[in-house]
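Step one of this worksheet: look at the structure below.
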């Protein structure tokens with residue numbers, strides 16, 4: 001394996017010095033629990049309800065798509081596809097971000113159009129190419145027709161009334177339990193120096209030297225901690241003009257511009273978490289990059305205008321593999337039935 | 001609620017007398033465990049592997065459909081749809097039968113074309129409108145590319161080699177754990193006379209008097225115990241000519257004829273289990289009947305040439321509700337990852 005080449009350039013030098021001074025202190029272990037908003041405290045009853053809703057395909061118009069269909073918590077929290085498949089086999093336009101540790105992000109969706117997990121949860125339900133409901137009233141009506149949900153809502157909210165906000169709050173509460181602490185890096189940061197192998201330690205240093213950490217900072221490797229709703233965005237590609245632009249269609253999607261219609265937001269995307277990134281191929285907002293090694297190479301070129309050598313790529317990929325956390329054991333929910341009848345026109 | 005009318009006719013009288021003599025003895029509680037074939041003993045390691053495979057959408061060509069997509073064990077073991085949705089939004093031609101207690105059936109599929117759970121499991125993988133793989137070799141190749149499956153196969157089969165027969169054996173072993181004992185009827189049969197309410201007791205009697213039990217006999221209410229591969233079939237409709245034929249398209253599907261091309265098999269279908277039938281709307285091979293009450297009414301007319309009164313329908317439906325069993329708690333599987341890359345062309 002080739003060792004990384006020494007870099008040059010003032011910014012790089014600064015980061016390198018930072019790396020030498022700070023070492024592993026540049027990184028934070030993942031907290032075991034995210035902070036829930038005061039308006040939606042996490043309770044076991046709400047989590048139980050949210051888990052049932054999360055796995056319930058009846059949230060989609062034709063009973064074929066659940067939250068878990070595209071954000072599969074039995075795997076890396078997404079679906080391994082470039083574009084997710086919604087009702088009637090329709091394809092979305094961006095790759096599903098992982099639900100794991102999404103609770104640590106200050107905005108949701110690739111373009112940050114939802115300020116919270118609660119708001120995010122409402123989106124796919126009424127997206128015509130995702131769950132396909134005509135409106136939220138239709139979702140509420142569907143759930144009201146499933147008797148068994150009433151006691152679950154009552155336990156979660158001290159009231160049996162089903163509203164779209166409560167549906168979203170319960171799903172968000174469940175998602176705040178989808179945390180993967182205790183990765184190799186976390187163990188390393190807590191003092192277990194054998195938790196990373198040599199390549200991963202080199203990769204950790206390269207992650208700082210090359211400059212990845214400039215954006216992928218913080219416990220979630222998704223940028224600085226910001227108040228809920230305030231996103232940390234970067235332009236992709238920051239350095240356009242490489243052969244990757246065409247190969248991976250990097251300039252097609254205008255990103256956050258579609259939300260704000262501000263020129264400054266053209267091609268801006270929320271910086272995604274790198275926690276469990278080894279489990280979320282294919283990569284980028286359009287799922288166009290099939291491997292993590294290639295994603296590392298493309299990111300360095302497109303965002304930092306650097307060409308990595310093979311050794312750097314291997315080390316960085318190894319380090320990113322150390323961000324794979326420990327997945328909590330979960331019991332399957334039992335979905336409330338509608339005895340003797342269908343909950344939707346089948 | 002109207003009480004049922006007293007019946008007439010020699011067969012009905014015979015069944016009625018049988019009912020009076022035998023009472024609840026006409027019914028058997030559901031065994032806690034099905035018998036596994038000698039060629040595929042059930043072991044914890046095989047069940048664990050089978051569960052992962054059962055929930056793994058990578059068994060489908062584009063990673064969008066798992067066994068659980070159409071046979072959802074978080075619910076009634078099917079999908080609540082008339083026709084299931086396979087890859088690329090394609091619809092199948094029959095309604096998904098429940099996987100719960102399928103282990104007690106001597107043949108699988110509505111037309112009985114698979115003699116065992118093992119053979120059944122192989123079918124959807126290469127059905128172009130279900131999981132859509134070109135052949136079983138493609139499935140095996142896909143799984144061979146997922147490193148984490150190797151140790152699971154090794155533990156299950158004392159050998160890491162992945163073959164389609166082992167895949168099917170593991171899935172079948174998992175399915176043999178999908179049993180729902182301890183329904184209200186089971187508790188009643190074991191001596192808890194309060195387990196059924198009055199309507200359910202009347203319905204139990206009506207089930208015998210009307211003649212439902214002639215076909216829906218045995219512990220699974222799916223016919224007599226037969227050797228594996230020998231199916232118990234009935235013609236639907238046995239009494240054609242009612243308005244239901246057109247309303248529910250009862251004569252469109254030629255059933256087992258499509259398997260054997262024998263005239264005697266035209267419109268023959270495997271008698272389905274009635275265990276958990278309240279959870280598997282919509283009903284019939286084509287999912288055309290939306291409620292259990294209507295299914296009871298149609299079955300009586302189409303199969304026994306009887307028109308039930310409202311009281312009979314209510315009692316029979318109540319009794320069928322007593323066949324809803326207790327669902328085992330299950331931990332979610334964790335699907336083996338392919339770190340840093342995709343397991344299929346996304």
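Points worth noting:
- Residue B:314 modelled with pLDDT of 95 or more, closer than 22 Å to residue A:146 by Cβ, crowded, with 17+ Cβ neighbours inside 10 Å and more than 23 Å from the chain's Cα centre (by Cα): yes
- Test: residue in the stretch A:242-265 that is within 17 Å of the chain's Cα centre (by Cα), more than 9 Å from chain B (Cβ to nearest Cβ), surrounded by 17 or more Cβ atoms within 10 Å (Cβ to Cβ) and touching a residue at least 60 places away in the same chain (Cβ under 8 Å): yes
- Residue A:85 being at the interface with another protein chain (Cβ under 7 Å from one of its Cβ atoms) and surrounded by fewer than 22 Cβ atoms within 10 Å (Cβ to Cβ): no
- Residues of the stretch B:206-234 satisfying the condition of being in contact with a strand residue (DSSP E or B) (Cβ under 6 Å, 6 or more places away or on another chain), outside any loop (DSSP other than H, G, I, E, B) and closer than 22 Å to residue B:313 by Cα: none
- Scanning the stretch A:300-331 for residues that are in contact with a helix residue (DSSP H, G or I) (Cβ under 9 Å, 6 or more places away or on another chain), within 12 Å of another protein chain (Cβ to nearest Cβ) and either closer than 30 Å to residue A:58 by Cβ or free of Cβ contacts under 8 Å to residues at least 40 places away in the same chain (or both) turns up A:313, A:330, A:331.
- Of the residues making up the stretch A:256-275, those that are closer than 17 Å to residue A:108 by Cα and outside any helix (DSSP H, G or I) are A:256, A:267, A:268, A:269, A:270, A:271, A:272, A:273, A:274, A:275.
- Selection status of residue A:73, within 27 Å of residue B:66 (Cα to Cα), modelled with pLDDT of 95 or more and part of a loop (DSSP other than H, G, I, E, B): yes
- Checked against (1) within 13 Å of chain A (Cβ to nearest Cβ); (2) at pLDDT 95 or above, residue B:346 passes all but condition (2).
- Taken as a whole, the condition of being closer than 30 Å to residue A:254 by Cβ, in contact with a helix residue (DSSP H, G or I) (Cβ under 9 Å, 6 or more places away or on another chain), more than 11 Å from chain B (Cβ to nearest Cβ) and outside any strand (DSSP E or B) does not apply to residue A:295.
- Per this entry, residue B:64 is counted among residues that are in contact with a strand residue (DSSP E or B) (Cβ under 6 Å, 6 or more places away or on another chain) and either more than 14 Å from every other protein chain (Cβ to nearest Cβ) or in contact (Cβ under 8 Å) with a residue 12 or more places away in the chain (or both).
- From B:282, B:337, residue being within 9 Å of another protein chain (Cβ to nearest Cβ) and touching a strand residue (DSSP E or B) at 6+ places or on another chain (Cβ under 8 Å): B:282
- Search result, residues across the stretch A:129-181 that are on the phi > 0 side of the Ramachandran plot and surrounded by 17 or more Cβ atoms within 10 Å (Cβ to Cβ): A:132
- None of B:45, B:102, B:121 is more than 16 Å from the chain's Cα centre (by Cα) and more than 14 Å from chain A (Cβ to nearest Cβ) except B:45.
- The number of residues in the stretch B:298-311 being surrounded by fewer than 22 Cβ atoms within 10 Å (Cβ to Cβ) and within 18 Å of residue B:95 (Cβ to Cβ) comes to 1.
- Considered as a group, the residues in the stretch B:90-106 that are touching a helix residue (DSSP H, G or I) at 6+ places or on another chain (Cβ under 9 Å) and buried (at least 20 other Cβ atoms within 10 Å of the Cβ) include one that is nearest to residue B:224 (Cα to Cα), and that residue is B:105.
- Of all the numbered requirements in (1) farther than 19 Å from residue B:178 by Cα; (2) not in a helix (DSSP H, G or I), residue B:99 misses one, and that requirement is (1).
This table checks each residue for (1) at pLDDT below 95; (2) part of a helix (DSSP H, G or I).
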{"site": "B:12", "(1), (2)": "yes, yes"}
{"site": "B:18", "(1), (2)": "yes, yes"}
{"site": "B:25", "(1), (2)": "yes, yes"}
{"site": "B:32", "(1), (2)": "yes, no"}
{"site": "B:58", "(1), (2)": "no, yes"}
{"site": "B:62", "(1), (2)": "no, no"}
{"site": "B:65", "(1), (2)": "no, no"}
{"site": "B:80", "(1), (2)": "no, no"}
{"site": "B:83", "(1), (2)": "no, no"}
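The values are calculated or read from the model by the stated rules, or taken from the named source; none is laboratory data. Keep in mind the model is a prediction, meaning the values are calculated, not measured. Using ideal geometry, Cβ is built from the backbone for each residue, glycine included, and neighbour counts are taken over all protein chains shown.
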